[in-house]
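S.K.: Got a structure for you, written out below as structure tokens; questions coming shortly.
What follows is calculated from the coordinates using simple rules that are stated; it is not laboratory data. Computed from a predicted structure; not experimentally measured. Neighbour counts run over all protein chains shown; Cβ positions are idealised from the backbone, glycine included.
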Amino acid sequence: MVFPMKCYRKNWVKVCLTVGDITEFTGDAIVDPANTLGLMGGGVALAIKMKGGEEIEKEAVAQAPIGIGEAIVTNAYRLKCKKIIHAPTVIQPGGKSSVEYVLKTVEASLGKADQLGLKSIAFPLMGAGTGGLSVEESVTAIIKGIQSYSNRNFEITIYFRSVEDFEKGVKILSKHEFEIASEK
């Protein structure tokens, strides 16, 4: 099955939206919408741990607590990417997120990526699902966070769970002064 992908550019940053399994990402890093304890028991975090290995969680927990607005990095082990950036969108496992938390998380993740020279980064819908935010709230906060880094040479991919959610993301991104870069 071929999933849709739409790519946009603003200054130096390229943002692509797609539907698929974020654990198959082959770039530099996947962002884990973590909790402050580094535990990976649900949602995207659990999918990362199940495919990448328990070592990812052990490494994250060893660096906890991780504050909202902070990010840590672990190895990706059995995943195809190089690193996992863990940035909390919730305080406690299973807790609720907020647009403010997601904005801080995206900025912290990109700051950590920039510091480590990681250029191709994959984000899931941060704070959605387990965190309770809508697709619209999540995408809007992610885009605002990315705009803070539009002067950096990043290639960012945002993964959606469904074509319906992807289409919502496309509508939101088109309202934020990004130019269409390419369509696949």
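S.K.: Tell me which residues, restricted to the stretch 149-173, are surrounded by fewer than 14 Cβ atoms within 10 Å (Cβ to Cβ) and either within 15 Å of the chain's Cα centre (by Cα) or over 21 Å from Gly20 (Cα atoms) (or both). So that I can check it myself, show each step before the final result.
M.R.: Restricting attention to the stretch 149-173, the residues satisfying the condition of being surrounded by fewer than 14 Cβ atoms within 10 Å (Cβ to Cβ) are 151, 153, 162-164, 171.
Scanning the stretch 149-173 gives Asn151, Asn153.
S.K.: For residues that are under 19 Å from Ile142 (Cβ atoms) and either acidic (Asp, Glu) or out of contact with any Ser or Thr (no Cβ under 7 Å at 6 or more places or on another chain) (or both), tally how many sit in the stretch 53-67.
M.R.: Just the residues of the stretch 53-67 that are under 19 Å from Ile142 (Cβ atoms), to begin with: 66.
Okay, now just the ones that are also either acidic (Asp, Glu) or out of contact with any Ser or Thr (no Cβ under 7 Å at 6 or more places or on another chain) (or both), so none.
Number satisfying all stated conditions: 0.
S.K.: State yes or no: is Thr74 among the hydroxyl-bearing types (Ser, Thr, Tyr), closer than 22 Å to Leu116 by Cβ and surrounded by fewer than 19 Cβ atoms within 10 Å (Cβ to Cβ)? First the steps, then the outcome.
M.R.: Details: among the hydroxyl-bearing types (Ser, Thr, Tyr): yes; closer than 22 Å to Leu116 by Cβ: yes; surrounded by fewer than 19 Cβ atoms within 10 Å (Cβ to Cβ): no.
The answer is no for Thr74.
S.K.: Looking at the stretch 137-145, is at least one residue in contact with a Phe, Trp or Tyr (Cβ under 7 Å, 6 or more places away or on another chain) and surrounded by fewer than 20 Cβ atoms within 10 Å (Cβ to Cβ)? Step through it out loud before you land on a result.
M.R.: Taking the stretch 137-145 as the starting set, the residues that turn out to be in contact with a Phe, Trp or Tyr (Cβ under 7 Å, 6 or more places away or on another chain) are 142.
Now narrow it down to the ones that are surrounded by fewer than 20 Cβ atoms within 10 Å (Cβ to Cβ): none.
Checked the stretch 137-145: no residue is in contact with a Phe, Trp or Tyr (Cβ under 7 Å, 6 or more places away or on another chain) and surrounded by fewer than 20 Cβ atoms within 10 Å (Cβ to Cβ).
S.K.: If you don't mind, another one. Could you give me the residue pairs with C-beta distances under 8 Å whose first residue belongs to the stretch 35-57 and is touching a residue at least 60 places away in the same chain (Cβ under 8 Å), whose second residue is acidic (Asp, Glu) wherever it lies, and which are 6+ apart or on separate chains?
M.R.: Hits for this filter: Val44/Asp32.
S.K.: Something else now. Looking at the stretch 42-58, is at least one residue in contact with an Asp or Glu (Cβ under 8 Å, 6 or more places away or on another chain), of a type in the set (D, E, K, R) and part of a helix (DSSP H, G or I)?
M.R.: Checked against the condition, which is being in contact with an Asp or Glu (Cβ under 8 Å, 6 or more places away or on another chain), of a type in the set (D, E, K, R) and part of a helix (DSSP H, G or I), the stretch 42-58 yields at least one hit.
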